[in-house]
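Have a look at the structure below before the remarks.
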Amino acid sequence: MDYFLDRREDAVIVAVHGRVDEASWESFGAGLSEAIQQAQQSGLGDVIIDLQKLDYMSSRGLRVLTVAKRQGQEASVTISLASPNEVMREILAISRYDKLFTITETIEIRR
Amino acid sequence: MLVRFWGTRGSLPVAPTAMAIRHKIANALVAADGRRFENSADAERFVDRELSFAAGSHYGGATSCVELEAGNGSYFICDMGSGLRSFGLDSMRRNAAGHKKTYNFFLSHLHWDHIMGFPFFAPSFDPEATIRIHAAHPDAEQALRRQQEEISFPVPFDWLRANIEFEQLTPGKSHEVDGVRIETKLQQHSHDSYGYRFTDADGRAVIYSTDSEHKLDKMDVEAAFIEFFRNADLVVFDTMYSLAESVSMKEDWGHSSNMVAVDLCHEAGAKKLALFHHEPTYEDEDIQRMHEESIRYEELTREGSPLEVICSYDGLEVRV
């Protein structure tokens, strides 16, 4: 799993590649914490996680998303998900995380 | 080892309403589309082959009770939910055919849905029966006596005629009971719960892990569960909620999800997962959908050998 941070004018984008699973959830969590911190320091209210190139995310990765959402709430930063591929769309539906997070078709589309 | 599910519902016994049965019959008649059946067996073949489980059957509504046929002839039973009543009657039929009247119970915890069947357990009135109640909770006897106090039940515990013994289990320590090795693991649940690993003389291993929450902030301790489940032939796992429910509205309610079940079983190299402790508000269609989604999630995340995902129902028998 790799992640890439991009601080834009309106949000910090976290692009995640590969698999988020039992081997990589801690690193993924660290990446999200870093993104929230960057957003907070830059006065940005949004972190958008780009799921387009994610192979899959296990329950550990999804639970890390929940932890990040709570960290974000404390820092007044909203976490949203963008560009889920077909596999991630299924996983978000099976987990019902599509009810917990705002999901947009692309990283350009804001809530 | 044979595993027989007598009660698979979580929290509260439920039963289908008259309208729910009518709905199933009406839909089955529509699906049959006017065809004739020679007899009941012919009609049941149609149900088996052409209707989904939810359309042609029912997952059941009795609370947790799972029997293991293992060891050297005594009974092994996990929990005393309302499914215990049916098991008790069935065991008396088997006793009449010569089965040993020794009952080894293993309690996950003492919440009401896991002990409510004991006052209706007919063999407890048999003076020739021995009932050994194994529990890691030191207050197991108090819980069973309390639910038969006059304010709750007309028959006091002391009126029971069987020889009833309480055996204290120690988590982390291996116990031998009538030819079966039992290991006990502390789980996250209100007033604690315990998971069990049963290993028979052939090395077949069955895990009973219900009412166990795998918390967001304790993912680093899940390695211990993976070891506990390692290479198990069957894992019976609490899949009461969706993952989203278990980390939001129902966090700290002490239950887990189908996705955490699949992930832990994958990591442990378990062979078969039984979804268990079904949410009482779920209709059959909801449970079936959860089962189908669990199978799909297993496919999407599989890296090694396939994990067979089955959905427990009252009356299911699984041989491992």
### Message
Looking at B:A232, B:A223 in this structure, which one is at pLDDT below 95 and over 20 Å from A:R96 (Cα atoms)?
### Response
B:A223
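Sort out which residues of the range B:263-278 are under 25 Å from B:S57 (Cα atoms) and crowded, with 21+ Cβ neighbours inside 10 Å, and write them in order of number. Working first, answer last.
Filtering the range B:263-278 for residues under 25 Å from B:S57 (Cα atoms) gives B:272-278.
If the condition is that a residue be under 25 Å from B:S57 (Cα atoms) and crowded, with 21+ Cβ neighbours inside 10 Å, then B:L273, B:A274, B:L275, B:F276, B:H277, B:H278 are the ones that fit.
State which residue is nearest to the chain's Cα centre (by Cα) when the search covers only the range A:1-32 and only residues that are among the hydroxyl-bearing types (S, T, Y) and not in a helix (DSSP H, G or I). Spell out how you get there, then give the answer.
Taking the range A:1-32 and keeping what is among the hydroxyl-bearing types (S, T, Y), we get A:3, A:24, A:27.
Going one step further and asking which of them are not in a helix (DSSP H, G or I), we end up with A:3, A:24.
Numbers: A:Y3: 10, A:S24: 14 Å.
This residue is A:Y3.
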### Query
Within the range B:203-221, restricting attention to residues that are surrounded by fewer than 19 Cβ atoms within 10 Å (Cβ to Cβ) and over 17 Å from B:S174 (Cβ atoms), which residue is nearest to the chain's Cα centre (by Cα)?
B:K215
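Are any residues in the range B:18-46 in contact with a His (Cβ under 9 Å, 6 or more places away or on another chain) and β-branched (V, I, T), and if so, which ones? Don't jump to the end; show me each part of the working.
Pass one, the range B:18-46, residues in contact with a His (Cβ under 9 Å, 6 or more places away or on another chain): B:20-21, B:24.
Selection gives B:I21 alone.
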### Message
Conditions first: (1) in contact (Cβ under 8 Å) with a residue 40 or more places away in the chain; (2) in a loop (DSSP other than H, G, I, E, B); (3) under 19 Å from B:E128 (Cα atoms); (4) not small (G, A, S). B:H191 passes all but one, so which condition is the exception?
### Response
(3)
#### Entry: Residue that is farthest from B:E176 (Cα to Cα), among those in the range B:81-100 that are free of Cβ contacts under 8 Å to residues at least 60 places away in the same chain and part of a loop (DSSP other than H, G, I, E, B)
B:A97
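So which residues in the range A:52-75 are part of a loop (DSSP other than H, G, I, E, B) and in contact with a strand residue (DSSP E or B) (Cβ under 6 Å, 6 or more places away or on another chain), if there are any at all?
First pass over the range A:52-75, keeping only residues part of a loop (DSSP other than H, G, I, E, B): A:52-53, A:58, A:75.
Within the range A:52-75, A:K53 is the sole residue that qualifies.
The values are calculated or read from the model by the stated rules, or taken from the named source; none is laboratory data. Please read these numbers as outputs of a predicted model, since none were measured by experiment. Every residue, glycine as well, gets a Cβ built from its backbone with ideal geometry; the counts of neighbours run over all protein chains shown.
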